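J.: The structure that follows is given in the form of structure tokens.
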Amino acid sequence: MRLLFREAFLAFRRAPLLSTLSITTIAFSLFAVGLFGLVAINMRQALRGLETRVEIVAFILNGTPLETITLAADDISSFPEVFSVGYVNEDSALAQAQAELEEFRDAYRDLEVNPLPASLEIRLKEGSRDAESVSAVAERLESFGFIDDVRFGREWIERLDRLRNVAGLVGLVIGLAFAVVAVIIIGTTIRMTVLQRAREIAIMRLVGATNGFIRGPFLLEGAIKGLLGGLLSILLIYAGYRLFGRNTPMLSGLVFFETPQLLVGILFGVALGLGGSLVSVGRHLRNV
Amino acid sequence: MRLLFREAFLAFRRAPLLSTLSITTIAFSLFAVGLFGLVAINMRQALRGLETRVEIVAFILNGTPLETITLAADDISSFPEVFSVGYVNEDSALAQAQAELEEFRDAYRDLEVNPLPASLEIRLKEGSRDAESVSAVAERLESFGFIDDVRFGREWIERLDRLRNVAGLVGLVIGLAFAVVAVIIIGTTIRMTVLQRAREIAIMRLVGATNGFIRGPFLLEGAIKGLLGGLLSILLIYAGYRLFGRNTPMLSGLVFFETPQLLVGILFGVALGLGGSLVSVGRHLRNV
Amino acid sequence: MIRFNHVSKAFAKGESALLDVSFRVAKGEFVFLTGHSGAGKTTVLKLIYGEQSPTSGDVHVLGFSLPNITAREIPRLRRRLGIVFQDFRLLEDRTAEENVAFALEVTRARPESIPSRTSRVMTQVGLASKMHAFPNELSGGEQQRVAIARALVLDPPILLADEPTGNLDERATRGVFQLLRDINAGGTAVVMATHDLNLVRQTTNRTIELRRGEVVYDSAEETAPREGLA
Amino acid sequence: MIRFNHVSKAFAKGESALLDVSFRVAKGEFVFLTGHSGAGKTTVLKLIYGEQSPTSGDVHVLGFSLPNITAREIPRLRRRLGIVFQDFRLLEDRTAEENVAFALEVTRARPESIPSRTSRVMTQVGLASKMHAFPNELSGGEQQRVAIARALVLDPPILLADEPTGNLDERATRGVFQLLRDINAGGTAVVMATHDLNLVRQTTNRTIELRRGEVVYDSAEETAPREGLA
Ligand SMILES: Nc1ncnc2c1ncn2[C@@H]1O[C@H](COP(=O)(O)OP(=O)(O)OP(=O)(O)O)[C@@H](O)[C@H]1O
Ligand SMILES: Nc1ncnc2c1ncn2[C@@H]1O[C@H](COP(=O)(O)OP(=O)(O)OP(=O)(O)O)[C@@H](O)[C@H]1O
Ligand SMILES: [Mg+2]
Ligand SMILES: [Mg+2]
């Protein structure tokens, strides 16, 4: 055991260049994957922000008594998809329109009658903000007698859906591509370490070392490199995150990975290092 | 000369693995840089699309005679920043509002009087769509007597400005980071080729080979690898471009690099290969 | 301990290094393997330690049998052999001492015993003062003696030595030879390939002579006709 | 052609390989360099071809002078030397023929002349049939002869041979030695490090003997006292 560790560390001392390259490669690959992961996380976060704005507006027929509306609102809030129901009377509707739609403020300024109806604004729960659920709720709303019309920006919601899909797809594809490239580069790097030490391995076998004995230090070396690479990549990603977050005030509120995610990343690094070593050394030992 | 080429190609035959890794690394690095380049190009393209929507709306006082407006419109079109001037009368303003603003269609349906004024819609030339030029034009418009109010979505234009800056900055930073990493990886890879052939180089020197004689094949080898890597990266980027463009109809109208840009990319690959070789071999020859 | 049974060895290019070679080496024997350059001496040794496999015939060593030996068994065989390679095969990035100690580590010798065993053999080959030198800091003869020390340190039942005195002067050659004889006296079988005929002539040890891959003389079979010898 | 002027060589660890060595080798001379293992023979040769630099004193070879030689001049010096290295130093990924041809390519010999010159020396060392074998497909003695062929092919004014017969049997040793004498007869100075005292005793060539880095005997200075010799 002591011997195993000594051999593994000897490898670092002997080939500092190759070791550094391996660690850098692992770090860089994880960095790339992590960067995309971070972008994906932040994108999801941003989409969630947009999603909270998904709401259904149900216009209420002029002259509906307030009790009817209150009862219905209670009813609606018990729908499984519904998060909150708010009542907006005619006056606040006008005030809101004037505040939000700058370009038509002038137009409304001169109005003597308020052309806007009262409405119920319904927000949905987090899992129910896709086009399908929204339509379903809208349909049920329309069955209420006092409801004139239901609006929910169908196009906007569908666009959100599509954005979500595209973002997921792109993240997955790029993440996978990077992971594949990472594995290839790591495998090749370690294979090169093995090749560079082919003479040494050959001599070891000639004096009777078993494959396990030869493999041990390589595996440990791979695992250590993976660990260091993983830690380095997290440092890099964090540096990038801080740098980027600092210089672009527009994108404030960026989120970083949480501890379990970081641990998974490090474990992934160790697995890469270990796997690369295992494959390369194994193949070499079989072929010789 | 013949000897030089023979030696360089021998290197490929002898170390297919290392050669492949070098080429892959160069290709991968250029691929990464290229990908960001492509995103940047397409982003610029998309921003240009958004920019064309930058327009200034000048509301006209009720009852201004048409000739005054026509004359003023002529005058305005001769402003150096202005691309086109359009006249929108009261009726078309209402029609447009009803078409564009779904949520208020109902509200307008019941109107007996048209609350909307006529307006001039002014589009600006491509170079003059930044916040500053737009404000300048708006100021000059306000000096016309019959103009009631000038609107130009200040916030929207400023946001566009900032987006442009951020996009440029991010592209530059990430591109640079990738290029640096590429150079490091390539340098290290070639340094490893050199180390792996250290014994060979030592023997060459012992039989009287000059540094130039030893360096030659390495440089040629580096250049060839760079060339192959560059070509491969273009293939990869194009494949990615097609794949991505095909599967996301939302992002139709994506553009690809033009030939001169591709040539620059390939030259960059050759330079990377050559530079990496030069540095690694040079350092090795100096140190031994 | 070692038995060659009609062994032939040919290479991919059609050249054959050994042709129908048969002999036995008994426990505790000392055998010289002689022959011109390229006669097949190294090939015989490589077959014994399993670096090469016979094209036909079979080789039996310490209860293992080639070509049927499994990949798992080869390390077990080699750990019971002490081998001095013609080209030394020292690990370049370990000192002389570490090279010798490595052979012990591979056989999982008790760690406490390693330093003393290592320095004892280094003294035996006259390199006590060069323990901490790396191979490229040693002269040719010194490297050769490190290789010999590494083979001796295992106290193996069989010692294979391929031209172990090629880089040694007369005095050192006599020293190494005496060392091999002492070890042989302790019960270890020794097979030594050499073309130092002075050495061979000085002793009465058994001699097997190869010529172009064939055994043309084996002093243990003196009664048999010495075919091919003028 | 070669002049050592009070040359000493010490290594970083404080060991000194040569101590105040002075001698001259004239044009066309044949000199044996003898001494025990580790005496400093290889170090003398390394100083001649500029792989090592003297710690004190200076070495003059073919008009170049160490330690003042520039990095640019070293290849020019080496291209005028034929060197047989003790550990052969063959390029592993080139055939025997390519290894020999490489020495010619380095000196920018006319490409047309390369094949004929190469095959001539390969025949001289008795390896005409092994032209296309790679070093690891050659026996120890065959590799050594490729190394000799590579040194001979240059037709150099000085030939340095470090233990060129260590892996050769008696017959091949005589052949190689005869070859070196023929070349010497053609005007080439030869410096041969060896501990094959049989060879040395057979001839009347000049002999320089080293012991622990000092010249203890030089047959050209027979008149001087042979200090240190019992
Ligand atoms: N891998 C190989 N491929 C082809 N031929 C080979 C290979 N290995 C050895 N040979 C040939 O087999 C013959 C015997 O080689 P071997 O190494 O056994 O000779 P040897 O008796 O040890 O010679 P030496 O005294 O020179 O070391 C030689 O002619 C050699 O060229
Ligand atoms: N790089 C080095 N660092 C330290 N010591 C060295 C180095 N190179 C050689 N030596 C020492 O210098 C001494 C002389 O070595 P050299 O190789 O000249 O001996 P040699 O006469 O050629 O011996 P041999 O006959 O064994 O080849 C030896 O003791 C050797 O250990
Ligand atoms: Mg041999
Ligand atoms: Mg020597």
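Readers should treat all values here as calculations from the given coordinates under stated rules, not as data from a laboratory. In this text the structure is predicted, and so the values were computed from the model without any measurement. Glycine gets a Cβ as well: all are built from the backbone with ideal geometry, and neighbour counts include every protein chain shown.
J.: Could you tell me which GluC sites (Glu not before Pro) in the range C:141-225 are loop residues by DSSP with no more than 11 other beta carbons within 10 angstrom of their beta carbon?
T.: Sites meeting the loop and neighbour criteria: C:Glu222.
J.: Please report the spacing between the Cα centers of the range B:54-95 and the range D:138-160 in Å, no decimals.
T.: Taking the Cα centre of each part, the range B:54-95 and the range D:138-160 sit 96 Å apart.
J.: If I stretch the segment between A:Arg286 and A:Arg123 completely, what's the gain in nm (0.36 nm per residue apart, minus their alpha carbon distance), one decimal?
T.: Numbers: separation 163, 0.36 × 163 = 58.68 nm, distance 6.34 nm.
Stretched out fully, the A:Arg286 to A:Arg123 stretch lengthens by 52.3 nm.
J.: Report, in degrees rounded to the nearest 10, the 0 to 90 angle that the Cα long axis of helix C:96-106 makes with the longest principal axis of chain C.
T.: Around 70 degrees separate the two axes.
J.: Under a plain spin-label model, where a point goes 7 Å from the Cα along Cα-to-Cβ, how far apart in nm are A:Phe146 and C:Thr123?
T.: In this crude label model, A:Phe146 to C:Thr123 measures out at 10.9 nm.
J.: How far is helix D:113-124 tilted off the main Cα axis of chain D, in degrees rounded to 10, range 0 to 90?
T.: Compared with the principal axis, the helix lies near 70 degrees.
J.: Now for a separate question. Within 10 Å of each Cβ in A:194-201, how many Cβ atoms from other chains are there, averaged over the peptide?
T.: Per residue, the number of nearby Cβ atoms from other chains is 3 on average.
J.: If the label for A:Glu139 sits 7 angstrom from Cα along the Cα-to-Cβ line, what are its distances to the same label in every other copy, in nm to one decimal, shortest first?
T.: 5.8
J.: Let me ask you something else. Of the peptides D:107-119, C:25-37, A:132-144, how do they stack up when ordered by the mean number of other Cβ atoms within 10 Å, highest first?
T.: My ranking of the peptides, most packed first, is C:25-37, A:132-144, D:107-119.
J.: Which entries of A:Lys225/B:Lys225; C:Lys130/D:Lys41; C:Lys46/D:Lys130; C:Lys9/D:Lys130; C:Lys41/D:Lys130 show an alpha-carbon separation above 26 angstrom in the structure shown?
T.: Flagged as over cut-off: A:Lys225/B:Lys225.
J.: Mind jotting down the distance between the C-alpha centroids of the range C:190-206 and the range D:69-115, whole Å?
T.: 37
J.: Once you keep just the Cα pairs under 8 angstrom separated by 6 or more residues, what percentage relative contact order results for the range C:88-155? Show your work: numbers first, answer last.
T.: Values: 76 pairs, mean separation 33.4, N = 68.
Relative contact order for the range C:88-155 comes out at 49 percent.
J.: Hey, another quick one. Please list, ordered by chain and number, the residues whose modelled amide H lies under 5 Å from the amide H of D:Arg211; skip anything fewer than 5 residues away on the same chain.
T.: Here D:Val216 satisfy the definition.
J.: Taking the label point as lying 7 angstrom from Cα along the Cα-to-Cβ axis, what are the distances from D:Pro157 to the corresponding position in the remaining copies, in ascending order and in nanometres?
T.: With the label placed 7 Å along Cα→Cβ, D:Pro157 yields 6.3 nm.
J.: Only helical DSSP H runs with n ≥ 4 go in: add -39500 (n - 2.57) per run for chain D, normalise by residue count and round the 222 nm mean residue ellipticity to 500 deg cm²/dmol.
T.: On the way: 7 runs with 72 residues, N = 230.
Mean residue ellipticity, 222 nm, calculated: -9500 deg cm²/dmol.
J.: Okay, moving on. How far, in whole Å, is the nearest Cβ of chain C from the axis relating it by rotation to chain D, and which residue carries it?
T.: It is C:Gly166, 2, counting Cβ atoms only.
J.: Okay, moving on. Work through the residues other than C:Val84 whose Cβ is under 10 Å from its Cβ and net out their charges, Lys, Arg +1 and Asp, Glu -1.
T.: Around C:Val84, the charge tally is +1.
J.: Got the relative contact order for the range C:144-229 handy, in percent, Cα pairs under 8 Å and 6 or more residues apart?
T.: That works out to 23 percent.
J.: Let me ask something else. Considering every residue in D:49-58, what mean count of other chain Cβ atoms within 10 Å of its Cβ is obtained?
T.: 1
J.: Here's a follow-up. Relative contact order for chain D using alpha-carbon pairs under 8 Å, separation at least 6, rounded to a whole percent?
T.: It comes to 28 percent, rounded to a whole number.
J.: Okay, moving on. Any idea what the C:Pro67 label distances to the other copies are, label 7 Å down the Cα→Cβ vector, nm, shortest first?
T.: When each copy's label point is compared with this one, the spacings are 5.7 nm.
J.: Okay, moving on. Name the residues of the range B:115-141 whose amide N is less than 13 Å from a point 7 angstrom out from the Cα of A:Leu94 along the C-beta direction?
T.: Taking a point 7 Å out along Cα→Cβ of A:Leu94, no residue of the range B:115-141 has its backbone N under 13 Å.
J.: Right, here's the next one. What do you get when you divide the Cα radius of gyration of the range D:88-155 by 2.2 N^0.38 Å, with N the number of residues?
T.: 0.97
J.: Given N residues in the range C:32-186, what is Rg(Cα) / (2.2 N^0.38 Å)?
T.: 1.05
J.: Within 10 Å, count the other beta carbons around each residue, average over each peptide in A:56-64, C:91-99, and list them highest first.
T.: Going from most to least packed, we get C:91-99, A:56-64.
J.: With viscosity set to 1.567 mPa s and temperature to 4 °C, compute the Stokes-Einstein D of the range D:97-230, Rh being the Kirkwood radius across alpha carbon pairs; µm²/s, no decimals.
T.: 79
J.: Over the whole of D:122-133, what's the average partner chain Cβ count within 10 Å per residue? Rounded to a whole number, please.
T.: Average per residue, whole number: 1.
J.: What is the mean projected area of the alpha carbon convex hull for the range D:1-108, to one decimal in square nanometres?
T.: Average of the hull's projected areas for the range D:1-108 equals 8.2 nm².
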